[in-house]
Amino acid sequence: MNAEAKQPSPVRPESEPTSAATTVPMWLIAGLLGLLFLGAWYFDARGGWFEAKVYAPYLSLADVQRFQPRTGGPEDVILRGKVLFEQNCALCHNPDGLGKPAQAPPLAGSEWVLAAGVNRLIRIPQLGLSGPIEVKGQVWNLPMAAMGVAYSDDDLAAVLSYIRNAWGNKASIVAGEQVKKVRAELGGRNQPYSPDELKKEAE
Amino acid sequence: MTAIPPTSPLPIDNSCRLPLFTLFGGAAVWLALSSGFGLIATLKFHAPAMFANCASLSYGRAFPAWSHLLVYGFCLPAGLGVGLWLLARLGRVELAQPWLIAVGAKLWHLGVLVGLIGILAGQSTGFEWFELPRAAAVILFLAFLLITMWGFVTYTRRTQASLYPSQWFVLAALLWFPWIFSTATLLLQIFPVRGLVQASVAWWFSGNLINVWLTLAGLASTFYVLPKLTGRPLQSHYLALFAFWTLMLFGTWTGIPAHAALPAWMPTLSGAARVLMLIPALTVGASVILTCRGVKTPCAGGPLCYTKFGAACLVLASVLLAISACPQVSRITDYTWFDHGQNTLRIYGFFAMTMFGAIYHIVPHLVGPDRVCPRWMRINFWFVMPGTLLLALPLVLGGVAQGLKLVDASVPFVAVAKSTLMALRISTLGETMLALGNLIFLFNIVGAIVSYYCSVGKAAYTEATALEPARVKA
């Protein structure tokens, strides 16, 4: 016969189920504690302790910061400058700093880049340049836009530090304060420099 | 835990009849319809050109229609109906306001229909397990409140003061759904949050819906049907309590997949919670084994069979969930068919089977014992049981194979996609068996309801047209 036929008819009194009072077996409690321990260990190892900046595969905030660009010594400044240069400047001046024939002058070995002072150099990306300019004995004539105007003081200083120290160039690091000072001197000026005008500024 | 004297359940059954007919009948219709959409979706893998001119039946709409009808059309009303029955039966009290509950159930089915039309018209939200458009979500929420309110009134009017474990699970489920559903509706549909937060809300909701709500509602039935049919006390009160608290404590964290693009603490915590979900699952397994041990009650494709199979599927699905939380495994199984197979095993294998068992136990009480044919109930079992396994297990295994190929950079993506076809073929077979089984379920339930009302009508007709010998005598 089937189970259905054995069920009591609904009109007869019917008893509802009861529950026994047997306790929870020890192995379940031990299993719960064991898995809780494992879970806590797993979270401690990989969870980054609720830090919103930590995403897999990084395991902790320290781990994330290890891979961030540092802002300490001159190497870090140059590294930051390299990133910015390759994003914005390398299109014309080339990643190897040799420029584009008949268009953009080289930066590697350029007397403008390697000048002892950076007073003139800062003004070029800040306002742009127009008119013929002589670099390494060759005359170039393509206007440059004010590529650096949107950079922060520190970023512009980093780019200039990079071009002064890359591809065999060797010159001093540019500080953010120097950029700030030049920008203050320029005031509201927004017209590009010509090379002749630039030569009138102190080096 | 003490023996309680038997009571006559007749008035309780009478009060439950109308709302439960509405909930179960609608659920059976939606389930059969959902299988239809499931079949269309799965056949698309083998015949992509089928219905190619009909946008509403494209895979991107048929598949959400399947999951929408399965969860909101079948699972929620079935779970609610069984829950209300348990509250009335275990509280030894008539259901409060059966008419209003029936109205709420009708409103719920209207919401499901609006959602279905929205999805087929292309208005799906795109969140898995929460595809229904805003209007449908609001209707469903109001309908749930209407039903759940009278559930609580029934609970407070109970004449049996001490609580049985099933009652905790039902009450928790009645509170859980409004909480998660209102949160998801508010944060995803009414005042949508931005960016990745949407994904985390959607994952949190679907994890709570499938891993917590369905388990709460399903276990309420498991813990009632097993002792009821075996005639033994539930083993035990404390095991049920243990499962209850660990399920709610860990289940609510489980939604976020291991490789979600979210801050590392979210998937990590979710993974730990998925492993901890083993504890309630093993507790349920232990409880079922201890309760059924040495019992001679024949299973015979009846409610007991369905419920035992459901509990086994819950344990299996939870083991799969825990395994897939380990980082070495999840890097292979995440975003493959594995997750879908695991969810299918949980929704069909555990929840739907448990609900079939409970409904086949309850409906004879409502319509009279001879109106549900035991043979068709057995045939139904032998369609849905293998159908579930054939649907879910190939997806689980195929998902692992798919994941192993996906992490191998030398295998082209098209080759990976083609290699899943064998698993999909078997799961299409399973889906077909399930669709037939669900049709049999619809036929059984609607048949029982119709035959009940026919007999009521016939009795009323006989009474109205009969001569009145009693009055003549007087």
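The values are calculated or read from the model by the stated rules, or taken from the named source; none is laboratory data. If you're wondering where the values come from, they're calculated on a predicted model, not measured in any experiment. Cβ atoms come from the backbone with ideal geometry, glycine included; neighbour counts cover every protein chain shown. Side chains included, ligands, DNA and RNA excluded: accessible areas come from the protein's heavy atoms. Shrake-Rupley method; radii C 1.70, N 1.55, O 1.52, S 1.80 Å.
Treat every Asp and Glu Cβ in the protein assembly as shown as -1 and every Lys and Arg Cβ as +1, leave all other atoms uncharged, and give the resulting dipole magnitude about the Cα centre to the nearest 20 debye.
I would put it at about 1580 debye.
Over the stretch A:74-200, what is the mean sequence separation of C-alpha contacts under 8 Å (at least six apart), divided by residue count, expressed as relative contact order in percent?
29 percent.
Under 24 Å between alpha carbons, and skipping anything fewer than 8 positions from residue A:82 in its own chain: which lysines qualify?
Cα-Cα hits under 24 Å: A:100, A:136, A:170, A:180, A:181.
In the protein assembly as shown, if the dipole is taken from +1 on Lys/Arg beta carbons and -1 on Asp/Glu beta carbons about the Cα centre, which of A:49, B:59, A:102 is farthest to the positive end?
Projecting each Cα onto the dipole axis, the largest value belongs to B:59.
Hey, can you grab everything whose amide H is under 5 Å from the amide H of residue B:97? Only 5+ residues off in sequence or another chain; H modelled, so Pro and N-termini drop out.
Amide H neighbours of residue B:97: none.
Output wanted: per-residue J couplings in Hz (rounded whole) for the stretch B:16-29, from phi through Karplus 6.51 cos²θ - 1.76 cosθ + 1.60, θ = phi - 60°, x for Gly and Pro.
Taking θ as phi minus 60°, the curve returns 7, 4, 4, x, 6, 4, 5, 5, 6, x, x, 4, 5, 5 Hz for the stretch B:16-29.
Mind checking which aspartates and glutamates have their Cα closer than 13 Å to the Cα of residue A:199? Skip sequence neighbours fewer than 8 apart in that chain.
Straight-line reach from residue A:199, under 13 Å: A:111, A:134.
Using the Karplus curve 6.51 cos²θ - 1.76 cosθ + 1.60 with θ = phi - 60°, work out ³J(HN,Hα) for each residue of the stretch B:123-138 in order, rounded to whole Hz, and write x for Gly and Pro.
9, 4, 6, x, 8, 4, 6, 9, 7, 5, x, 4, 4, 5, 4, 5
So which trypsin sites (Lys or Arg not before Pro) in the stretch A:38-134 are both in a DSSP loop and have at most 12 other Cβ atoms within 10 Å of their Cβ?
In loop regions of the stretch A:38-134 (DSSP not H, G, I, E or B), the sparsely surrounded trypsin sites (Lys or Arg not before Pro) are A:53, A:70.
If ligands, DNA and RNA are left out, what is the accessible area of residue B:297 with a 1.4 Å probe, given in Å² to the nearest 10?
Roll a 1.4 Å probe over it and residue B:297 shows about 40 Å².
Run the numbers on the stretch B:222-326 and let me know its relative contact order in percent, using alpha-carbon pairs under 8 Å that are six or more apart.
Over the stretch B:222-326, the number comes to 38 percent.
Which of the lysines could be linked to residue B:296 by a straight reach, that is with a Cα gap under 23 Å, when you skip same-chain ones fewer than 8 residues away?
The qualifying lysines are A:6, B:228, B:308.
Mind giving me the nanometre distance, one decimal, between the label points for residue B:456 and residue A:138, set 7 Å out from Cα along Cα→Cβ?
9.9 nm
To the nearest Å, what is the center-to-center distance of the stretch B:116-144 and the stretch B:274-328, using C-alpha atoms only?
The stretch B:116-144 and the stretch B:274-328 have Cα centres separated by 32 Å.
For chain B, what class follows from the C-alpha gyration tensor (a ≥ b ≥ c being the square roots of its eigenvalues): rounded when a/c is under 1.5, otherwise prolate if a/b is larger than b/c, else oblate?
Judged from the Cα gyration tensor, chain B comes out prolate (a/c at least 1.5, a/b above b/c).
Under a 1.4 angstrom probe, counting protein chains only, how are B:462, B:336 ranked by accessible area, largest first? Walk me through the numbers before you get to the answer.
Details: B:462 80, B:336 15 Å².
I get B:462, B:336, largest accessible area first.
Using the Karplus curve 6.51 cos²θ - 1.76 cosθ + 1.60 with θ = phi - 60°, what ³J(HN,Hα) values do you get for each residue of the stretch A:43-50, in whole Hz, with x for Gly and Pro?
Coupling constants for the stretch A:43-50: 5, 4, 6, 10, x, x, 6, 6 Hz.
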